[in-house]
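Down below is the structure, laid out as structure tokens.
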Amino acid sequence: MMQRLIAGLILLVLGGCAHDTAAIARNLAQHEEALYGCRCKAVGLASGHDVAGGPELLWLADERRVSRIDGSGTAEEVWVAPTFQEIVRLEAADLDGDGVDEWVVLVQAARMRSHVIALRDGVRQSIGKPWGGYLRPMLDADGTTVLVGQRAGGDRPFRGGVERVAWDAEAGTFKPGERVKLPERFSVFDFFWLPGEPPRLYGLEETSRLAELDPRSPRAVLWRSDGRPVARPVEVDRTYKELLADEEEETLRLASPVGVEDLDGDGVAEVLLVTGNATPLAVFQNLRVHQGGDLRIYRPEHRGLVEAARTPVLGSAMVAGTSWEPVPGRTVLAGVAWTRDPAGFAPMESRVFLFEPEKGDLLGAAEALAPIELAVPVEAPAEVELAVPVEAVEVEPAAPVEAEAVVPDELVEEPAPEEPAPEEPAPEEPAPSE
């Protein structure tokens, strides 16, 4: 903690030497229109439903609470972390198929623990005993939603492999199940599936590169990104102690949740990735200076992923992002960024921004939340009904007209003149009598 305070002072002194891109990103985030802002350190952003088939909600997590953000830019606190526990991560998914989303909240205390928060009688509350380690909802290879987990160790951040986890309602506990086929070095947050035929497996490497792995042998890398887009903005200071050894401090850097869903409705899932740059601070080994972040959409290619869209670089870091349907029929991207780093007694600031999903352009809240006007169909003119149905009228076919042959005039014989009839003899007069 003392190192971070000293590092903050160093950053203040060196602020004038900051990289131009980082300064522009911070200024843009502080002056552009945002849906919501708070003097807090945001650590998560998720969307989902409190009512099956109801409106989709937006939830923001800071280190102490989870709040619901509405379209007017106001926040309502809906869940508070237990005493002496600090929220590190928030994800949401419908784990039981009832149309209502559960939360998976990672907190840090003496050890890392995960709570599953469900809606019970209209109130969000933790169900069962917290998982001793890390839980995460995700799409499995077949496209179904599953819960996977990994244990936390007292001597190291991750102990054992990644397992599918099931909720035992009768016992009120989460039970580990089938082991996920992954290399031992992978953490539960560093891989995701793209469902399809065949399904494709991707990993988030420690070098901040994206990699496509062979599902049959995940140690084999089929593709690796040229750049280093993977962001790990949330950092957790942990102290580990090995047997018969001194305590060792380590900084646990967690990759932001990866979204996998069909954003454009073409039947193929895209990847929503939080990206950013973090430069190590040479003065202290474990400290880094964040230099802005953004959201990027990737589409699958024959091999690997190709970038389809990206948002502007905002703030000192983009922390989390999700898709959100604020009004029926309109999907936007929502992202939360750190817009002001803590300095002296001034607290940290975070802001939630909305983006257009096709190109990643910033959207104002009024534009993003305006209801969609449905086109009014033009009515066809009414048909005039005949007094007598057409089918009922029987029409007799006309007799065929015989064509008259055309005969040339010279071939037409004129009729011979008729001879006058012979005159009848006049009757004889009778002779006079003597």
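The values are calculated or read from the model by the stated rules, or taken from the named source; none is laboratory data. Only a predicted model underlies this, so the values are computations on that prediction, with no experimental measurement involved. Positions of Cβ are backbone-derived with ideal geometry, glycine not excepted, and every protein chain shown enters the neighbour counts. Keep in mind that these areas ignore ligands, DNA and RNA; they rest on the heavy atoms of the full protein, side chains included. Shrake-Rupley method; radii C 1.70, N 1.55, O 1.52, S 1.80 Å.
What the table shows:
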quantity	calculated
Amide H contacts of Glu102 (H built 1.01 Å from N, under 5 Å, at least 5 apart or other chain)	Ala93, Asp94, Leu95
5 angstrom amide H check on Ala152, placed H, neighbours 5+ away	Gly133, Tyr134, Arg159
For the stretch 193-207, 3J(HN,Hα) per residue [Karplus equation, 6.51 cos²θ - 1.76 cosθ + 1.60, θ = phi - 60°, Hz, x = Gly/Pro]	9, 10, x, x, 10, x, x, 10, 10, 10, x, 9, 7, 5, 7
Sequence-distant residues sharing a close amide H with Leu305 (under 5 Å, placed H)	none
Volume of the Cα convex hull of the stretch 29-150, divided per residue and given in Å³	135
Residue-wise HN-Hα coupling along the stretch 131-143, computed from phi with Karplus coefficients 6.51, -1.76, 1.60 (Hz; x: Gly, Pro)	6, x, x, 10, 10, 7, x, 7, 7, 7, 4, 8, x
Sites matching trypsin sites (Lys or Arg not before Pro) across the stretch 142-183 that sit in DSSP coil, with at most 15 neighbouring C-beta atoms within 10 Å	Lys181
Sparsely packed GluC sites (Glu not before Pro) within the stretch 90-193, loop by DSSP, other Cβ within 10 Å at most 15	Glu170, Glu184
Efficiency of FRET between Asp361 and Ala220 - r from beta-carbon atoms, R0 35 angstrom, step 0.05	0.35
Stretchable slack from Arg39 to Ala23, in nm (0.36 nm times residue separation minus alpha-carbon distance)	3.8 nm
Convex hull volume per residue for the stretch 113-177, taking Cα atoms only, in Å³	104
Protection proxy ranking of 30-37, 134-141 - average other beta-carbon atoms within 10 Å, highest first	134-141, 30-37
Accessible surface, per residue, of the stretch 174-272 when the full set of protein chains is kept, probe 1.4 Å, Å²	53
Alpha-carbon gyration tensor eigenvalues x 5, square-rooted, for the stretch 55-103, Å	19, 17, 8
Stretch gain in nm, segment Asp237-Glu170, where the contour uses 0.36 nm per residue and the Cα spacing is subtracted	20.5 nm
